[in-house]
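Asks: There's a structure below that I have some questions on.
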Amino acid sequence: MLREVGVRIEEATEVTQELVSAIGALLPHLSTSSPAPTEAEVREMVEAPDTVLFVARDDAGRIVGTLTLVLFRIPTAIRAWIEDVIADPAASGQHVGRLLTQAAIDEARRRGARNVDLTSRPSRETANYIYSSMGFEQRETKVYRMELETE
């Protein structure tokens, strides 16, 4: 568990109503078009062996941020991806994003990943500054996405 004055980082190991509600409340700070995950979807994340859901708690114990780390084996290495880093704007100045990201880096290293990838929209200037200051380098690549229709 990482700790900064006022904030502690921990892995979510059980699904509680507090966790589900907190993710629902934080998600609009990242995406206004994504619906909040259901309790079953949060459970799927927490129970998946190759997914680590980190939460940041303030001194009062309130969840003020989340980060999802996904690890998977490919022929060349163990890959690690950081996804959906969300920090409550009300906790600004408490290094929530940096602490969550460092926890993910430490866990990826512990599990044998050679590197950690993430993406961030250019409009998220603070997040991009944090990632650069932590040693992440922008890659010369294109990210492609195909939207799949669900039944």
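Asks: All but one of (1) within 18 Å of VAL55 (Cβ to Cβ); (2) in a loop (DSSP other than H, G, I, E, B) hold for GLY135; state the number of the condition that does not hold.
Replies: The failed condition is (1).
Asks: Consider only pairs whose beta carbons are under 8 Å apart and that are at least six residues apart or on different chains; among these, list those whose first residue lies in the range 120-136 and is open to solvent by 90 Å² or more (accessible area, probe 1.4 Å) and whose second residue is in a helix (DSSP H, G or I).
Replies: PRO122/ASN128; THR126/GLY97
Asks: Please determine, by comparing only the residues of the range 4-19 that are in contact (Cβ under 8 Å) with a residue 40 or more places away in the chain and charged (D, E, K, R), which one is farthest from ARG109 (Cα to Cα).
Replies: The selected residue is GLU18.
Asks: All but one of (1) closer than 27 Å to GLY6 by Cβ; (2) in contact (Cβ under 8 Å) with a residue 40 or more places away in the chain hold for GLU83; which doesn't?
Replies: It is condition (2) that GLU83 fails.
Asks: Could I ask something else about it? Taking only pairs six or more apart or across chains, which ones have beta-carbon atoms under 8 Å, a first residue in the range 20-49 that is farther than 23 Å from THR126 by Cβ, and a second residue that is surrounded by 12 or more Cβ atoms within 10 Å (Cβ to Cβ) and among the polar types (S, T, N, Q)?
Replies: As it stands, the answer is MET45/THR51; MET45/THR68, since those pairs meet every condition given.
Asks: Filter the range 66-95 down to residues that are small (Gly, Ala, Ser) and either touching a Gly at 6+ places or on another chain (Cβ under 8 Å) or open to solvent by 50 Å² or more (accessible area, probe 1.4 Å) (or both) and give me whichever is nearest to LEU26 (Cα to Cα).
Replies: Filtering the range 66-95 down to residues small (Gly, Ala, Ser) leaves 77, 80, 87, 90-93.
This time we only want the ones that are either touching a Gly at 6+ places or on another chain (Cβ under 8 Å) or open to solvent by 50 Å² or more (accessible area, probe 1.4 Å) (or both), so: 87, 90-93.
Details: ALA87: 7, ALA90: 11, ALA91: 12, SER92: 13, GLY93: 17 Å.
Filtering first and then ranking leaves ALA87.
The values are calculated or read from the model by the stated rules, or taken from the named source; none is laboratory data. All of these numbers come straight from a predicted model, not from anything done at the bench. Counting neighbours? That spans all protein chains shown, and the Cβs are built from the backbone with ideal geometry, glycine included. Just so you know, the surface numbers come from the protein's heavy atoms only, side chains and all, with ligands and any DNA or RNA stripped out. Shrake-Rupley method; radii C 1.70, N 1.55, O 1.52, S 1.80 Å.
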